[in-house]
Amino acid sequence: MIKTTELKINAAKDPRKVRCDALVVAVGQGPDGPELVDGSLGGKALQALSRSLGVLGITGAADEVRRLPGIDEFHAEVIVLVGIGQVSAAAEPTEENLRRAAGSAVRQLRGVGHVALALPAASVRAAAAVAEGAALGAYAYTEHRSAKDAGDVVAVVTVVTPAAGEKSLPAALERAAILGRAVNATRTLVNRPPSHLYPETFAATAQDLSKNLPVKLTVLDEEKLAKDGYGGLVGVGKGSSRPPRLVKVEYAPARAKVKLALVGKGITFDSGGLSLKPATGMTTMKCDMAGAAVVLNALLAIAELGLPLKVTAWLCLAENMPSGHAQRPSDVMTIFGGKTVEVLNTDAEGRLVMADGLAAASAEEPDALIDVATLTGAQMVALGSRVSAVMGDDGVRDAVKAAADRAGELFWPMPLPEELRPSLDSQVADLANMGEKFGGMLTAAIFLREFVGETNGRKIPWAHLDIAGPAFNEGAPYGYTPKEGTGVAVRTLVAYAEDVVARAG
């Protein structure tokens, strides 16, 4: 079972009436140097402090957090100054600026129980962004830590905002809390070591997370997968002593007008199989199941929010290991639905399990189909470690990009050049699992497109999200993003679902 600290979020108008351990105020990089961006705070003491920012060496840069002694007019043990980046009198900080500042402050204030965030958040949307950033910043992975204080993250956050009395604020804060829980559960799944997370235990955790929510969960074991023709999952998983699973999670409210399908790559550890990775290439491969964790928790968040659309998530779970039973280069497998694939490289395994999931999801004829995967190292070559790629049909791709922008996640649209498709041709099967090396991220997406089915005589609208780099932060924490599992794409999928509901009327 996943256990995370439940952050309590409330709101208040007057910071002078909030008793807390730390009061957080924003500092921006203004045209004339650092300046307080304290919204409605005011106060002579803070104004005096603002004149000393430069002398104190405070710059207002993003991720800068400084603690100062408390001030008499506020009931806080310490005043905390958090950098919010460049500011101007003509523009308010963006919602993402607020998320990152709140998340950075809460992340760096571990061990502090109650934090009041007096950031420039005058509207309900801005206050919700502050709450969301706080929920994302209040995360620590401690399942295997023996130290008793390892999980001492902030437990209570008060968002100081003039919008505290508005009727729509409680629902906005609850949405922020739900998103925080979903992202943090995704992070924990990604962070779990492969000794503890493998297909069977992943399926069991999905069942635990689904409790008390209006969802139905079905697990196909290795025997059912073989019987029903899921050759990708069976082929990839047969090298491991821990067999594969396909988990189907369904949320189907009675008033749903739209059907959305999500498919996630769930390789719980990727050794490369017989096409063995170098040792240094395996050290982060516990994260290769991030796509499955994302689609699971995005669906659960959608269910908890009660959005009126049907969503089905397909978790394609396998462990890719070398053994005497493992698939070999030159093997041919039959994917669910009948297409055959020649395996040229067993380390290109994610697309094989995803092919099964895409074909199975297509058989139910959804209105739109989105898959999420840590699919290619080429994604990082193209876009780096913080920007994810989105490819596919123009309508879904552009809608995902718009949802990501609203959610504050970095996605960039990429093309699917038709001249790359012939490189996937095989002499012995319908297609091969490897093609053109250059533009490998695009070639992998073109492979997946082959398994997207039709509905009413037309191709199902589809998008592919490659989150290979952004799913796992190998560097230092920043903003609301911790080291290792990030939970990227959960908020984008929820925002996309909200947009679909809005368009459906």
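The values are calculated or read from the model by the stated rules, or taken from the named source; none is laboratory data. Nothing here was measured: the structure is a model prediction, and the numbers come from that model. All Cβ positions, glycine included, derive from the backbone under ideal geometry; neighbour counts span all protein chains shown.
Residue-wise test of (1) surrounded by fewer than 19 Cβ atoms within 10 Å (Cβ to Cβ); (2) more than 22 Å from the chain's Cα centre (by Cα).
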site	(1), (2)
76	no, yes
91	yes, yes
97	no, no
132	no, no
Only listed residue being closer than 24 Å to residue 259 by Cβ, in the same structural domain as residue 293 (by TED's automatic domain parsing) and out of contact with any strand residue (DSSP E or B) (no Cβ under 9 Å at 6 or more places or on another chain), chosen from 355, 373, 359
359
Of the residues that sit in the stretch 103-130 and are free of Cβ contacts under 8 Å to residues at least 60 places away in the same chain and more than 25 Å from the chain's Cα centre (by Cα), which one is surrounded by the fewest Cβ atoms within 10 Å (Cβ to Cβ)?
111
Failed item, numbered, when residue 263 is tested on (1) among the hydrophobic types (A, V, I, L, M, F, W, C); (2) in contact with a helix residue (DSSP H, G or I) (Cβ under 6 Å, 6 or more places away or on another chain); (3) surrounded by fewer than 22 Cβ atoms within 10 Å (Cβ to Cβ)
(3)
Which of the following residues is touching a Leu at 6+ places or on another chain (Cβ under 8 Å) and among the charged types (D, E, K, R): 277, 286?
286
Contact list please: Cβ distance under 9 Å, first residue in the stretch 45-66 and over 20 Å from residue 105 (Cβ atoms), second residue of a type in the set (Gly, Ala, Ser), pairs at least six apart or on different chains.
54/33
Residues of the stretch 266-298 being surrounded by fewer than 19 Cβ atoms within 10 Å (Cβ to Cβ), over 18 Å from residue 237 (Cβ atoms) and in contact (Cβ under 8 Å) with a residue 60 or more places away in the chain, which ones?
284
Here is a list of conditions, (1) of a type in the set (A, V, I, L, M); (2) part of a loop (DSSP other than H, G, I, E, B); (3) surrounded by fewer than 24 Cβ atoms within 10 Å (Cβ to Cβ), and residue 154 meets all of them except one; can you say which number that is?
(3)
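To keep it simple, each residue is scored yes or no on (1) without any contact (Cβ under 8 Å) to a residue 60 or more places away in the chain; (2) under 17 Å from residue 354 (Cβ atoms); (3) not assigned by TED's automatic domain parsing to the domain that holds residue 368.
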residue	(1), (2), (3)
424	yes, yes, no
435	yes, yes, no
452	no, yes, no
470	no, no, no
482	no, no, no
Apart from one, (1) over 24 Å from residue 281 (Cα atoms); (2) loosely packed, with under 15 Cβ neighbours inside 10 Å; (3) not small (Gly, Ala, Ser) all hold for residue 437; the odd one out is (1)
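If only one of 176, 172, 163 is under 19 Å from the mean Cα position of the chain (by Cα) and crowded, with 19+ Cβ neighbours inside 10 Å, which one is it?
Unique residue meeting the criteria: 176.
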Go through the residues of the stretch 467-480 one by one and say whether even a single one is surrounded by 18 or more Cβ atoms within 10 Å (Cβ to Cβ), among the polar types (S, T, N, Q) and in a loop (DSSP other than H, G, I, E, B).
no
Does the stretch 372-391 include one or more residues that are on the phi > 0 side of the Ramachandran plot and either touching a His at 6+ places or on another chain (Cβ under 7 Å) or surrounded by 17 or more Cβ atoms within 10 Å (Cβ to Cβ) (or both)?
no
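Out of 372, 396, which single residue is in contact with a helix residue (DSSP H, G or I) (Cβ under 6 Å, 6 or more places away or on another chain) and either under 18 Å from residue 354 (Cα atoms) or at pLDDT 95 or above (or both)? Write out each step before concluding.
Numbers: 396 fails: in contact with a helix residue (DSSP H, G or I) (Cβ under 6 Å, 6 or more places away or on another chain).
Sole residue among the options that is in contact with a helix residue (DSSP H, G or I) (Cβ under 6 Å, 6 or more places away or on another chain) and either under 18 Å from residue 354 (Cα atoms) or at pLDDT 95 or above (or both): 372.
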Of the numbered conditions (1) within 21 Å of residue 262 (Cα to Cα); (2) surrounded by fewer than 15 Cβ atoms within 10 Å (Cβ to Cβ), residue 406 satisfies every one except a single condition; which is it?
(2)
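Residue check: is residue 195 without any contact (Cβ under 8 Å) to a residue 12 or more places away in the chain and either more than 22 Å from residue 23 (Cα to Cα) or not hydrophobic (A, V, I, L, M, F, W, C) (or both)? It would help to see each step written out before you state the result.
Details: without any contact (Cβ under 8 Å) to a residue 12 or more places away in the chain: yes; either more than 22 Å from residue 23 (Cα to Cα) or not hydrophobic (A, V, I, L, M, F, W, C) (or both): yes.
Considered against the rule, which asks whether it is without any contact (Cβ under 8 Å) to a residue 12 or more places away in the chain and either more than 22 Å from residue 23 (Cα to Cα) or not hydrophobic (A, V, I, L, M, F, W, C) (or both), residue 195 comes out as yes.
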If you scan the stretch 349-367, which residues turn out to be of a type in the set (Gly, Ala, Ser) and either buried (at least 22 other Cβ atoms within 10 Å of the Cβ) or part of a helix (DSSP H, G or I) (or both)?
350, 355, 357, 359, 360, 361, 362
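Going by the structure shown, is residue 378 among the small types (Gly, Ala, Ser), within 20 Å of residue 259 (Cβ to Cβ) and not in a strand (DSSP E or B)? Step through it out loud before you land on a result.
Values: among the small types (Gly, Ala, Ser): yes; within 20 Å of residue 259 (Cβ to Cβ): no; not in a strand (DSSP E or B): yes.
Criteria not met by residue 378.
Would you confirm whether or not the stretch 83-91 contains a residue that is in the same structural domain as residue 140 (by TED's automatic domain parsing), assigned to a loop (DSSP other than H, G, I, E, B), within 24 Å of residue 138 (Cα to Cα) and not basic (Lys, Arg)? Explain how you work it out, then say what you get.
In the first step, residues of the stretch 83-91 are kept if they are in the same structural domain as residue 140 (by TED's automatic domain parsing); the result is 83-91.
From the residues that got through so far, the ones that are assigned to a loop (DSSP other than H, G, I, E, B) too are 87, 89-90.
Those left that are additionally within 24 Å of residue 138 (Cα to Cα): none.
No, that holds for no residue.
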Only residues in the stretch 246-257 that are under 29 Å from residue 199 (Cβ atoms) count as the first member; pair them with residues that are modelled with pLDDT of 95 or more and among the small types (Gly, Ala, Ser), Cβ under 6 angstrom, at least 6 apart or cross-chain, and list the lot.
247/203; 247/206; 249/313; 251/303
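Conditions tested, residue by residue: (1) part of a helix (DSSP H, G or I); (2) not assigned by TED's automatic domain parsing to the domain that holds residue 223.
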residue	(1), (2)
170	yes, yes
173	yes, yes
180	yes, yes
185	yes, yes
190	yes, yes
204	yes, no
209	yes, no
213	no, no
